[in-house]
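Colleague: The structure is given below, and queries will be raised subsequently.
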Protein chains: 2
Amino acid sequence: MDRALPLAGLRVIEVGSFIAVPAAGLALSQLGARVIRVDPVGGAPDIGRWPLGRDGRSLYWAGLNRGKESVVLDLAGPAGQATLRRLVSAGGAAGGILLSNIAGKPWLSDELLRQDRPDLIYVQVIGQSDGGSAVDYTINAASGLAYATGPEDGPGPVNQALPAWDLLAASHTALAVLAALRQRESTGEGAFLRIALQDVAASTLTTLGYLPEAHLRLRSRPAHGNYLYGTFGADMPLSDGGRIMVVALTARQWDSLLELTGTARAVTALEAALDADFRAEGDRYLHRHVLAALLRPWFAARSMEQAAAALGGSRVLWAPFRRFTDVVRDLGQGRGSPVVAEMAEEGFGEILATSGPVRRGDASGRPARAPRLGEDTDSVLSELPGSGHD
Amino acid sequence: MDRALPLAGLRVIEVGSFIAVPAAGLALSQLGARVIRVDPVGGAPDIGRWPLGRDGRSLYWAGLNRGKESVVLDLAGPAGQATLRRLVSAGGAAGGILLSNIAGKPWLSDELLRQDRPDLIYVQVIGQSDGGSAVDYTINAASGLAYATGPEDGPGPVNQALPAWDLLAASHTALAVLAALRQRESTGEGAFLRIALQDVAASTLTTLGYLPEAHLRLRSRPAHGNYLYGTFGADMPLSDGGRIMVVALTARQWDSLLELTGTARAVTALEAALDADFRAEGDRYLHRHVLAALLRPWFAARSMEQAAAALGGSRVLWAPFRRFTDVVRDLGQGRGSPVVAEMAEEGFGEILATSGPVRRGDASGRPARAPRLGEDTDSVLSELPGSGHD
């Protein structure tokens, strides 16, 4: 634990698998909290989740549990359940904090746990709003977003590859913990909070206007490929097989794109003929196909190197479409994100690991190692008052 | 402001447009903080972002700024900039908190602002790790994820429709504020923190194993359609044109899916012939095409109603693929997420709005209204000591 980190001293118990709860604990751990992940004997169902390292150990599990302590208890039996209750209650003013994604089990109910620790902060992540089972991939299907993703002429819904609902539920869970803690420190009162993946999706898609738009217009925004909704952004193939994402949100960026590509005259003629105003981003969106078609020859005549050199001197927002291996190569050459680093780790050899997304000024922390399942059981239980553990 | 909310009393100044900074302020506001958004005269470039309501007012801007106070200052001139500095410094122990996405402007530099408020908490959201310009859509292109999204035989990269990097940067920004505040309350020290969209992407894709896998195997995970990586999840077309996402993460869920669809015998024969173990999720992923092909006839012979009735009695994780209009219809019938509600709002008529993803037990809050640009300028500036505002 780094004493300089802002959450140093805080003590969080985490009982949950896959992404949402472990990623919430990870975010708190990356800010300095002590996070104790409790698993059943043999591990939770995520213990072997792909991708795997060379020895068969899960890169996914390691990534999501870095910096945590790992405790294994027989959660199927009353002795292990009683020990968990003691773990949750312990820790004094900086303890009594529990994250879980387990609902409907009497031994992990808020009612029971609050008897031992009346000021408990318990954040429970659930799937559907009504408590029904769901995972990121079913929530996403039901959210409406899959029909708004992918090619304009696509044959059907496209899932997002990123489990974004899990990840957002995770960071809102971590946020809810710190908010509740602030309140507890001022009033002495704990909290039982619930974050449903379905609510995260519905809330997010309302905030950004997807659902209000469907409600107002009685139609769903369709998939529109790699175009950007409501402004100008498009995917530009290059002469060497590469592709670039080009974005012009402001009139200045748009003017710069036209100047760069030598299309100002053609675009101005078109603008007049179509009675459009391309300095307004809505009109750039409405006419995105013809505008992209006018811009594409400039890109199709250039390699990535040539296009990058020219774009680098413009105001246009742009980036190459890259593959994960390209990102890894950049990291290896010191040109990538400073919050990701290669480190040596038992069972993996050299592995990429992160210290989390927050930097203090220009400094980023060092990634923590991942525990082995259960390696901290003895040390954590020996801290319990009068222990003797089960 | 609801005094029962955990962040009641906190005072946050927000100077930023589009998604990351406004969504960070929104998350804090939904937990009870007083959030004052400061815009330049006429509004920031997001003031008219699509989708628009009937009167041309932005649903997007309204959604991202609910519950906030809106202040307009002439940020291009020294008087407005000086007023902003006073706003940032004010608020006592619960103030001195600033979120912005504006880097490289001397009048909003940490150095300058910290002169007036040495314990300032300043979280700056930037694009690229090195401070270069970027937006969600260019970060996503460069992250590697677009080549892992969309159909298996797709012609190129597919952007995610959700600006997930902005949203994750937002919730980590809100989290960083509360972590830094906790530290300030114990040590008296402020913090200057930076969150780069590029770091959020690199960190997230490292945690989940995408980048470590590419680093280890020297190849990038390809797009795999609506299948789920490393386990069994697939998209099932129905007889009536509907589609269902079916997921079996555990052996129990998998057994239930086979029982439901009457495919246990065929799958068992296949398992032996292929020397596979389909109770292991990795093997279900490796053989996903043949397994999905065996399961599909059961779905193709059923309507949504029939499939839903049968799946409802199983252990299988599933959901219909829906459109935004389906989600809106469910909300109207009281069957959707309780954190989204229809409310009457000036300039929009009836509009969908959210109170945020966190519920206290079963209770969810009421959505707040969105301010009109600048409507709180006078009242907020009149609170400044000795004011007289610009």
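Colleague: Pull out all pairs, ordered by first then second residue, where Cβ-Cβ is under 6 Å, the residues are six or more apart or on different chains, the first lies in the range B:139-162 and is in contact (Cβ under 8 Å) with a residue 60 or more places away in the chain, and the second is among the basic types (Lys, Arg).
Modeller: Close Cβ pairs (under 6 Å, with a partner that is among the basic types (Lys, Arg)) amount to B:Gly144/A:Arg322; B:Gly144/A:Arg323; B:Tyr147/A:Arg323; B:Ala148/B:Arg221.
Colleague: Can you run down the residue pairs with Cβ atoms below 7 Å, 6 or more apart or on separate chains, where the first is in the range A:347-361 and more than 7 Å from every other protein chain (Cβ to nearest Cβ) and the partner is among the hydroxyl-bearing types (Ser, Thr, Tyr)?
Modeller: Within 7 Å, the pairs are A:Ser355/A:Ser364.
Colleague: Separate question: Considering the range A:121-166 alone, what residues qualify as being under 21 Å from B:Gly209 (Cβ atoms) and in contact with a helix residue (DSSP H, G or I) (Cβ under 7 Å, 6 or more places away or on another chain)?
Modeller: Hits for the range A:121-166 are A:Val125, A:Asp136, A:Ile139, A:Asn140, A:Asn159, A:Gln160, A:Ala161, A:Leu162, A:Pro163, A:Ala164, A:Trp165, A:Asp166.
Colleague: Here is a follow-up. If I ask for residues that are part of a helix (DSSP H, G or I) and either in contact with a Ser or Thr (Cβ under 6 Å, 6 or more places away or on another chain) or away from chain B (no Cβ under 14 Å) (or both), which ones from the range A:65-86 would you list?
Modeller: Passing the criteria: A:Pro78, A:Ala79, A:Gly80, A:Gln81, A:Ala82, A:Thr83, A:Leu84, A:Arg85, A:Arg86.
Colleague: While we're here: When you look at A:Ala307, is it touching a residue at least 40 places away in the same chain (Cβ under 8 Å), closer than 19 Å to A:Ala62 by Cβ and either within 8 Å of another protein chain (Cβ to nearest Cβ) or surrounded by 19 or more Cβ atoms within 10 Å (Cβ to Cβ) (or both), yes or no? Give the steps one after another, and end with the answer.
Modeller: Details: touching a residue at least 40 places away in the same chain (Cβ under 8 Å): yes; closer than 19 Å to A:Ala62 by Cβ: no; either within 8 Å of another protein chain (Cβ to nearest Cβ) or surrounded by 19 or more Cβ atoms within 10 Å (Cβ to Cβ) (or both): yes.
For A:Ala307, the condition - touching a residue at least 40 places away in the same chain (Cβ under 8 Å), closer than 19 Å to A:Ala62 by Cβ and either within 8 Å of another protein chain (Cβ to nearest Cβ) or surrounded by 19 or more Cβ atoms within 10 Å (Cβ to Cβ) (or both) - is not met.
Colleague: Restricting the search to the range B:171-194, which residues are assigned to a strand (DSSP E or B) and more than 20 Å from A:Ala24 (Cα to Cα)? It would help to see each step written out before you state the result.
Modeller: Our first condition is that a residue be assigned to a strand (DSSP E or B); within the range B:171-194, this holds for B:191-194.
Residues satisfying the conditions are B:Ala191, B:Phe192.
Colleague: Based on this model, can you work out whether A:Thr187 counts as within 7 Å of chain B (Cβ to nearest Cβ) and either of a type in the set (Val, Ile, Thr) or on the phi > 0 side of the Ramachandran plot (or both)?
Modeller: no
Colleague: So, one more: Are any of the residues in the range A:356-367 touching a Phe, Trp or Tyr at 6+ places or on another chain (Cβ under 9 Å), under 30 Å from A:Gly25 (Cα atoms) and modelled with pLDDT under 95?
Modeller: Step one: of the range A:356-367, the residues touching a Phe, Trp or Tyr at 6+ places or on another chain (Cβ under 9 Å) are A:360-361.
Filter once more, keeping what is under 30 Å from A:Gly25 (Cα atoms): A:360-361.
Among the residues that remain, those that are also modelled with pLDDT under 95 are: A:360-361.
So far as the range A:356-367 goes, yes, one or more of its residues are touching a Phe, Trp or Tyr at 6+ places or on another chain (Cβ under 9 Å), under 30 Å from A:Gly25 (Cα atoms) and modelled with pLDDT under 95.
Colleague: Does B:Leu120 satisfy the criteria of being farther than 23 Å from B:Leu26 by Cβ and modelled with pLDDT of 95 or more? I'd like the intermediate steps shown before the answer.
Modeller: Numbers: farther than 23 Å from B:Leu26 by Cβ: no; modelled with pLDDT of 95 or more: yes.
Answer is no for this residue.
Colleague: Kindly indicate the residue of the range B:110-142 that is in a loop (DSSP other than H, G, I, E, B) and charged (D, E, K, R) and also surrounded by the most Cβ atoms within 10 Å (Cβ to Cβ) among those meeting that condition.
Modeller: Here the residue is B:Arg117.
Colleague: Something else: When residues of the range A:269-309 are filtered for being within 17 Å of B:Thr138 (Cα to Cα), in contact with a Leu (Cβ under 9 Å, 6 or more places away or on another chain) and of a type in the set (A, V, I, L, M), how many remain?
Modeller: Of the residues in the range A:269-309, 2 are within 17 Å of B:Thr138 (Cα to Cα), in contact with a Leu (Cβ under 9 Å, 6 or more places away or on another chain) and of a type in the set (A, V, I, L, M).
Colleague: How many residues does the range B:16-62 contain that are in a loop (DSSP other than H, G, I, E, B) and either surrounded by fewer than 20 Cβ atoms within 10 Å (Cβ to Cβ) or within 12 Å of chain A (Cβ to nearest Cβ) (or both)? Step through it out loud before you land on a result.
Modeller: So in the range B:16-62, the residues in a loop (DSSP other than H, G, I, E, B) come out as B:16-19, B:31-33, B:41-51, B:53-57.
Filter once more, so that each one left must be either surrounded by fewer than 20 Cβ atoms within 10 Å (Cβ to Cβ) or within 12 Å of chain A (Cβ to nearest Cβ) (or both): B:17-19, B:31-33, B:41-51, B:53-57.
Final tally of qualifying residues: 22.
Colleague: Look through A:Gln124, A:Gln115, A:Gln128 and report the one residue that is under 11 Å from A:Ala201 (Cα atoms) and more than 8 Å from chain B (Cβ to nearest Cβ).
Modeller: Exactly one residue qualifies, and that residue is A:Gln128.
Colleague: Could you tell me how many of the residues in the range A:143-153 are surrounded by fewer than 24 Cβ atoms within 10 Å (Cβ to Cβ), at the interface with another protein chain (Cβ under 9 Å from one of its Cβ atoms) and touching a Phe, Trp or Tyr at 6+ places or on another chain (Cβ under 9 Å)?
Modeller: 1
Colleague: Of the residues in the range B:206-265, how many are at the interface with chain A (Cβ under 7 Å from one of its Cβ atoms) and under 30 Å from A:Arg366 (Cβ atoms)?
Modeller: Selection size over the range B:206-265: 17.
Colleague: Next up: Among the residues of the range A:81-90, is any at pLDDT 95 or above, surrounded by 19 or more Cβ atoms within 10 Å (Cβ to Cβ), of a type in the set (Val, Ile, Thr) and within 20 Å of A:Leu193 (Cα to Cα)?
Modeller: yes
Colleague: Kindly evaluate A:Arg315 against the criterion of being under 27 Å from B:Ala223 (Cβ atoms) and more than 26 Å from the chain's Cα centre (by Cα).
Modeller: No; evaluated as a whole, the condition is false for this residue.
Colleague: Let me ask another. Counting only residues that are more than 7 Å from every other protein chain (Cβ to nearest Cβ) and either modelled with pLDDT of 95 or more or in a helix (DSSP H, G or I) (or both), which one in the range A:154-168 is surrounded by the most Cβ atoms within 10 Å (Cβ to Cβ)?
Modeller: A:Trp165
Colleague: OK, next. Select from the range B:311-332 the residues that are more than 7 Å from chain A (Cβ to nearest Cβ), modelled with pLDDT of 95 or more and not in a helix (DSSP H, G or I) and write down the one among them that is nearest to B:Ala62 (Cα to Cα).
Modeller: Checked the range B:311-332; the qualifying residue nearest to B:Ala62 (Cα to Cα) is B:Val316.
Colleague: Select from the range A:17-45 the residues that are of a type in the set (Gly, Ala, Ser) and under 16 Å from A:Val88 (Cα atoms) and write down the one among them that is nearest to the chain's Cα centre (by Cα).
Modeller: First, pick out the residues of the range A:17-45 that are of a type in the set (Gly, Ala, Ser): A:17, A:20, A:23-25, A:27, A:29, A:32-33, A:42-44.
Subsequent filtering for residues that are under 16 Å from A:Val88 (Cα atoms) retains A:25, A:33.
Numbers: A:Gly25: 13, A:Ala33: 19 Å.
In this case the residue turns out to be A:Gly25.
The values are calculated or read from the model by the stated rules, or taken from the named source; none is laboratory data. Predicted model, so just to flag it, every value in this text is computed and none were measured. Positions of Cβ are generated from backbone atoms using ideal geometry, with glycine treated the same way; all protein chains shown enter the neighbour counts.
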